[in-house]
Amino acid sequence: MTNLSPLQVERLKYQPKLPSSLSEGINKLTYSEGSATESVANQAEIKELFKNTYGKPTVTFNSSNETQSFEQRNVGVILSGGQAPGGHNVIAGLYDALKQANPSNKLYGFLGGPSGIIEGKYIEFTDEFMNEYRNTGGFDIIGSGRTKLETEEQFKSSLEVCKKLNISAVVIIGGDDSNTNAALLAEWFVANNAGIQVIGCPKTIDGDLKNEQIEISFGFDTATKTYGELIGNIQRDANSAKKYWHFVKIMGRSASHVALEAALQTQPNITLISEEVEAKKMSLSSIIDYMTDIITRRSQNGKNFGVAIIPEGLIEFIPEMGAMIANLNDIMSSLEKDSHYTNAEQSEKFSIIENTLSSDNAKVFSSLPTLIKAQLLMDRDPHGNVQVSKIETEKLLISMIESRLKGTGVKFSAQSHFFGYEGRCAFPSNFDADYCYSLGYNAFALITFGLTGYLSSVRNLTEPASNWIAGGVPLTMMMNMERRHGEMKPVIKKALVELDGPVFKQLADNREDWAMNDRYLFPGAIQYFGPSSVCDITTRTLALEQGVNKKVLSATV
């Protein structure tokens, strides 16, 4: 390897830690079963759709004194969806466990995401190749993609490719949509006697793929610490220049976990939480009132500066905006097939939209700045919906606050930022390096016991890695029915911010103090070497959700 930075060289040498149950080796494992499970909602519908994989028990691994031997087998692996720090280590853990079980075992990586298994595009991993990617960020080892595995034709193509390579198990590394596809593929393989297992691994920096068995999705730790560093830097600048308000939009469309975690790490003056906005039915005007009040009161105290954190998906959670966007999503599928609309100039498109929307939604649309209107009409996402990440909500808020403050004498000069891609491929923190390696190693353990339709689960994550608990949870346990493209479909339910939970309460209890006083924290860069109190610090979210004593939490700040 050439052109490596000193940090790259050192990170390649890092040996991730494993739970004690796995550290004895893949050939010295036994497992225990929990009680039968059921889906989080719509039990009858989910059971009917997953006749062969529904209701399975959770499993927990323990070390055994007996040594097993394994026949040779081949496994395939897929990276699916957006990048998240640590993905390479999931594959490294899977590869090491597979080779430890039987050196003749082979691991195939499907290229470009799920399309790779459909189209038969793959590589075979070797020691030399794998060793170039250990403890590194990104998904460039085999690439990723957003193709969905959900049709009969796709399942049949996947089966043919697996037969060609003599693959008997597939590991899908992805978020809620990707693991929904893993559940569908697992069910289809069983129903068609394919003899191929499917195991998922919980990935998403958004932090919305979790439950009692999945305490956190991988990548959340690294991404939020990366954003925390950047926000801390901005806060230091704001407190130095004392003349700008910084509006920071931060990744997380459906849930505000990332914004909430970043706020707890840095303690900015304003933090908006989408779930709170929706629960309180806050209008766009009331949000502007709330922000303008803080800006005005700080100005009266001689502080014409500050930092505001805004979740990426906020705009959809504002009742009148959400209703308008839902109406817009419904009408756009037909309008985009209408040549009169597609050939129209931008201003004419706006008029067509306003005449097609319901009257209330048309009023909301017409009230928006031209920039935001245009962004609402950009290309749809894979679900046929508005691409919320492309809507510059932070600029919309700045524009409306400027209008509200005109003539008041309050000084207001704003800078806008959007942090998204900056955190998706960062060098994984020690936590994510260890957690991801354990998830991959654990995925092969699930395979060795013949399980399918399971998600790799590693728990007790606020403890040292040796005390982590490895096992698996049935994918169907996390599912409910939701409307997609006009049809009710089974999907893994997203875990949103709980407004009565300890994480949000930490923000709510300190909001007014942080608004008026400059309690800024400066997390700094992720540390890989040094004392455990710095290198192995967990996220505030995980610590609070798992009930770690607040004194311990504050001692790590």
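Within the group T147, T136, T151, which residue is assigned by TED's automatic domain parsing to the domain that holds D96 and over 22 Å from Q83 (Cβ atoms)?
T151
Per-residue answers, yes or no, for (1) touching a Pro at 6+ places or on another chain (Cβ under 9 Å); (2) surrounded by fewer than 19 Cβ atoms within 10 Å (Cβ to Cβ):
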position	(1), (2)
Q235	yes, no
K249	yes, no
G252	yes, no
A255	yes, no
L272	yes, no
A279	no, yes
R298	no, no
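Within region 290-329, can you find the residues that are touching a residue at least 12 places away in the same chain (Cβ under 8 Å) and acidic (D, E)?
Residues satisfying the conditions are E312, E316, E320.
If I filter region 167-185 for residues that are in contact with a His (Cβ under 9 Å, 6 or more places away or on another chain) and crowded, with 24+ Cβ neighbours inside 10 Å, do I get at least one hit?
So far as region 167-185 goes, no, none of its residues is in contact with a His (Cβ under 9 Å, 6 or more places away or on another chain) and crowded, with 24+ Cβ neighbours inside 10 Å.
Residues V77, V40: which one is part of a loop (DSSP other than H, G, I, E, B), at pLDDT 95 or above, assigned by TED's automatic domain parsing to the domain that holds R459 and among the aliphatic types (A, V, I, L, M)?
When all the criteria are applied, what remains is V40.
This table checks each residue for (1) over 22 Å from the mean Cα position of the chain (by Cα); (2) among the acidic types (D, E); (3) under 15 Å from T539 (Cα atoms); (4) not assigned by TED's automatic domain parsing to the domain that holds T393.
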residue: Y227; (1), (2), (3), (4): no, no, yes, no
residue: I234; (1), (2), (3), (4): yes, no, no, no
residue: D237; (1), (2), (3), (4): yes, yes, no, no
residue: W245; (1), (2), (3), (4): yes, no, no, no
residue: V248; (1), (2), (3), (4): no, no, no, no
residue: G252; (1), (2), (3), (4): no, no, no, no
residue: A255; (1), (2), (3), (4): no, no, no, no
residue: L260; (1), (2), (3), (4): no, no, yes, no
residue: I270; (1), (2), (3), (4): yes, no, no, no
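Any chance region 186-195 includes a residue that's surrounded by 24 or more Cβ atoms within 10 Å (Cβ to Cβ), closer than 20 Å to M251 by Cα, in contact with a Gly (Cβ under 7 Å, 6 or more places away or on another chain) and not aromatic (F, W, Y)?
No, every residue in region 186-195 fails to be surrounded by 24 or more Cβ atoms within 10 Å (Cβ to Cβ), closer than 20 Å to M251 by Cα, in contact with a Gly (Cβ under 7 Å, 6 or more places away or on another chain) and not aromatic (F, W, Y).
Each row is one residue, and each column tells you yes or no for (1) of a type outside the set (K, R); (2) without any contact (Cβ under 8 Å) to a residue 60 or more places away in the chain; (3) touching a Cys at 6+ places or on another chain (Cβ under 8 Å); (4) farther than 19 Å from R73 by Cβ.
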residue: K148; (1), (2), (3), (4): no, no, no, yes
residue: K163; (1), (2), (3), (4): no, yes, no, no
residue: A169; (1), (2), (3), (4): yes, no, no, no
residue: I172; (1), (2), (3), (4): yes, no, yes, no
residue: L184; (1), (2), (3), (4): yes, no, no, yes
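Out of curiosity, is N361 without any contact (Cβ under 8 Å) to a residue 60 or more places away in the chain and surrounded by 21 or more Cβ atoms within 10 Å (Cβ to Cβ)?
Considered against the rule, which asks whether it is without any contact (Cβ under 8 Å) to a residue 60 or more places away in the chain and surrounded by 21 or more Cβ atoms within 10 Å (Cβ to Cβ), N361 comes out as yes.
Q235 fails exactly one of the following numbered conditions: (1) closer than 22 Å to I401 by Cβ; (2) polar (S, T, N, Q); (3) out of contact with any strand residue (DSSP E or B) (no Cβ under 7 Å at 6 or more places or on another chain). What is the number of that condition?
Failing condition for Q235: (3).
Taking region 217-232 as the search range and keeping residues that are touching a Phe, Trp or Tyr at 6+ places or on another chain (Cβ under 6 Å) and farther than 14 Å from H417 by Cα, which one is surrounded by the fewest Cβ atoms within 10 Å (Cβ to Cβ)?
Across region 217-232, the extreme among qualifying residues is D221.
Residue by residue through region 199-213, note down the ones that are buried (at least 24 other Cβ atoms within 10 Å of the Cβ) and assigned to a loop (DSSP other than H, G, I, E, B).
The answer is T204, I205, D206, G207, L209.
So which helices (runs of 4 or more DSSP H) stay within region 245-346 end to end and still have 2 or more residues that are of a type in the set (S, T, Y) and touching an Asp or Glu at 6+ places or on another chain (Cβ under 9 Å)?
Of the helices (runs of 4 or more DSSP H) lying wholly inside region 245-346, those with at least 2 residues that are of a type in the set (S, T, Y) and touching an Asp or Glu at 6+ places or on another chain (Cβ under 9 Å) span 339-342.
Output the number of the condition that G87 fails; it satisfies all remaining conditions of (1) surrounded by fewer than 22 Cβ atoms within 10 Å (Cβ to Cβ); (2) closer than 30 Å to S21 by Cα; (3) touching a residue at least 60 places away in the same chain (Cβ under 8 Å).
Unmet condition: (1).
The values are calculated or read from the model by the stated rules, or taken from the named source; none is laboratory data. Remember, predicted model here, so these are calculated numbers, not experimental data. Every residue, glycine as well, gets a Cβ built from its backbone with ideal geometry; the counts of neighbours run over all protein chains shown.
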